[in-house]
Amino acid sequence: MRPALLALTLALVSSSSWAEVAPEIAEAQRAQMEKLRAEVAGQIQLQAYDLLDELVYGWIRQPVFELETPVVLADVTVPVGFGSGLAALIENHFAELVVKNPRTRLTLAHCPQCTAVVVHSGAKGTIVSRGVDQPEALAAAGALSGARHAIFLDFEAEGSALVLRARITSLEPALPIIHARTLTTSTSSPALLRSGDHLKSAAEARKEYLDALQGRGLITVPVRVSVRSYAQPPDSGTVAAMPFIWLQAGAEVALTQARAWTGTFSVGVTWMPQLHTGFMGQARISRLLTGSIASLTQPNLYVFLGGSVMSIHGQGARVFQNEVLNLEDVLSDIPSLLVEPHATFAAFPIGLELRVGNRIAASVFLESAPALNDAPSIGTHLNLLDILKFHTVGAEVAFCF
């Protein structure tokens, strides 16, 4: 909907003759119109803010004055139907921009008489108007407070565009214009990714965004802490495997600049005093699920599939061997404890990883180890048609450098 038509619609909605214009409109329709009105007002406000940002950014690059100069914000006009609310928001935002950007060399000056009604009598008659429209009366009254210039901000809806006409005039009888600039949403490029005290052009904002993307690099170093919990054995009398805690580190390579595909190789270690020591080598590939490009500001969800080789040494490795192991056997078979057991097997994890800011990640996964299908001490969390059995449920926390 065009701003001019929207302004007319909002004026109709806010008029006191609503009941006379359309008394048959239901309450639900009226509520819907009020919702639309609030939405459009918000969009117009954002467009007005963008135009003000562009105006002040232009003054930073090419200041109007050579020295710091006090000026008076004489008038702010907005499209018909938006009332004083939008004008107040614009005035506040403009004041904030000028205060935070001293390089404009403008200083807002307080002049109550400039916007107040002033009565001026002379030989030619009596004039009643705003003080800013009578510079000679202000000068005679000594009410300029050092400010000799005034700023006028006029917002208008023209077709599908919002137009800002900014003028700086001298407070003289003729009100001569010393600077004028017109901006419109149909031709200006709002500089996104900027704050009020760090205004920049759209090209500069885009360059910073691309630098941020490229600055991440194609290689990161993830450090992961993972916990693997093995399923309980089907026989309740068999000793079950305890959870294994692994510390992993390696290299992650982004296969595309968008980081939609990544590949990781890492090595890991686990250790439990007097029970076991283990080593692992793992490779996996990840695919982004939440879009085609990894976001810098929103969490990114990946699905990954990998392969691992684990080697466990010590008494804790006995649960991975193909022998029935119960507590009585462990206590009675003392001589066999002098020989260090070990087990080496392959495992294939599949899971989901949620990464925040490309620096912190958390993941959950299922892991299948075909060599453990016959291990009496290892059960199955998930069995897919006796073809694919998942023996492990795991969770990871990762920090990327």
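The values are calculated or read from the model by the stated rules, or taken from the named source; none is laboratory data. Note that this is a predicted model, so its numbers are computed, not measured. Reconstructed Cβ throughout: ideal geometry from the backbone, glycine too, with neighbour counts over all protein chains shown. Just the protein is used for accessible areas: all its heavy atoms, side chains included, with ligands, DNA and RNA removed. Shrake-Rupley method; radii C 1.70, N 1.55, O 1.52, S 1.80 Å.
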Practice problem: Select from segment 79-96 the residues that are on the phi > 0 side of the Ramachandran plot and either open to solvent by 50 Å² or more (accessible area, probe 1.4 Å) or in a loop (DSSP other than H, G, I, E, B) (or both) and list them in ascending order. | Solution: Gly81
Quiz item: Taking segment 164-187, which residues are open to solvent by 10 Å² or more (accessible area, probe 1.4 Å) and either under 15 Å from Phe94 (Cβ atoms) or part of a strand (DSSP E or B) (or both)?
Solution: Arg165, Arg167, Ser170, Ile177, Ile178, His179, Ala180, Arg181, Thr182, Leu183, Thr184
Quiz item: How do the pairs read when you match residues in segment 307-319 that are on the phi < 0 side of the Ramachandran plot and modelled with pLDDT of 90 or more with residues anywhere that are in a helix (DSSP H, G or I) and not basic (Lys, Arg), using Cβ under 8 Å and keeping only pairs 6 or more apart or on different chains?
Solution: Ile312/Phe320
Quiz item: Which one is farthest from Gln232 (Cα to Cα) among residues in segment 353-390 that are in contact with a Gly (Cβ under 7 Å, 6 or more places away or on another chain) and not hydroxyl-bearing (Ser, Thr, Tyr)?
Solution: Val364
